[in-house]
Amino acid sequence: MPVQNPYEQYQRNKVLTATPAEVTLMLYEGAIKFCNIAIMAIENNEMEKAHNNIMKTQRIIEEFRNTLDRQYEVAEDFDRIYVYVLRRLFEANVRKDKEILEEVNGHLRSLRDTWKEVMKKCNKA
């Protein structure tokens, strides 16, 4: 039996033992990471790498959209944000435009930071 990479095992356990709120935070962090990689790939003229990482970011945002609980009014606000971000990611991918990706990353960081604040408030309650 092959020996598993300890880091991969740690990452797997981290996801498997995370709360839903922590998984959401990890997904925001992942989207930001993939967006950053795409920006660097464009700067280095690695267009396939940029495309692949933009697509990873899009899949995370699509997952956020698919899991919105539509019984709450705020879900529609988040949906509008996600639709906008997806449109900008599409445009960035077609044009390989790092400025658009930097804008998207700003939105993703804002969403992540807001989520962190929500998590803090819920932990205090």
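The values are calculated or read from the model by the stated rules, or taken from the named source; none is laboratory data. These numbers come from a predicted model, not from an experiment. A quick note on method: Cβ atoms are made from the backbone with ideal geometry, for glycine too, and the neighbour counts reach across all protein chains shown. Only protein heavy atoms, including side chains, enter the accessible area calculation; ligands, DNA and RNA are left aside. Shrake-Rupley method; radii C 1.70, N 1.55, O 1.52, S 1.80 Å.
Which value at 222 nm does the chain reach when only helices count, each DSSP H run of 4 or more adding -39,500 (n - 2.57), with the total divided by all residues and rounded to the nearest 500 deg cm²/dmol?
Details: 5 runs with 104 residues, N = 125.
After summing the helix terms and dividing by residue count, I get -29000 deg cm²/dmol.
Where the accessible area of the stretch 21-66 is counted over protein heavy atoms with a 1.4 Å probe, how much of it, in %, is carbon and sulfur?
Working: 1160 of 2390 Å².
Here carbon and sulfur together make up 49 percent of the probe-accessible area.
Report which label in [x] 15.0, 47; [y] 18.5, 61; [z] 16.1, 51 holds the value of Rg and Dmax of the Cα atoms in Å derived from the coordinates of this structure.
Answer by label: [z].
What whole-number value in Å² describes the accessible area per residue of the stretch 22-71 for a 1.4 Å probe? Working shown, then result.
Values: 2810 Å² over 50 residues.
The answer is 56 Å² per residue.
Under the 0.36 nm per residue contour assumption, what length would be gained going from the current alpha-carbon distance of Thr19 and Phe78 to full extension? Can you show the working numbers first?
Values: separation 59, 0.36 × 59 = 21.24 nm, distance 2.07 nm.
Here the answer is 19.2 nm.
Shape call for the stretch 11-74 from the C-alpha gyration tensor, a ≥ b ≥ c root eigenvalues: rounded (a/c under 1.5), prolate (a/b greater than b/c) or oblate? Spell out each step's value before the answer.
On the way: a/c = 3.22, a/b = 1.65, b/c = 1.95.
Cα axes put the stretch 11-74 in the oblate bin.
Using r as the Cβ-Cβ distance of Arg65 and Lys33, and R0 as 22 Å, what FRET efficiency do you calculate, to the nearest 0.05? If you can, show how the numbers build up before the last one.
Details: r = 20 Å, r/R0 = 0.89.
With R0 = 22 Å, the Cβ-Cβ based efficiency is 0.65.
Spelling out what I want: for every residue of the stretch 103-120, take phi, set θ = phi - 60°, compute 6.51 cos²θ - 1.76 cosθ + 1.60 (Karplus), and round to whole Hz; glycine and proline get x.
4, 4, 4, x, 5, 5, 5, 5, 5, 4, 5, 4, 4, 4, 5, 4, 4, 4
Please list, in order along the stretch 33-40, the HN-Hα scalar couplings obtained from phi with the Karplus expression 6.51 cos²θ - 1.76 cosθ + 1.60 (θ = phi - 60°), rounded to whole Hz, x for Gly and Pro.
Using θ = phi - 60°, the values come out as 4, 5, 5, 4, 4, 5, 4, 5 Hz.
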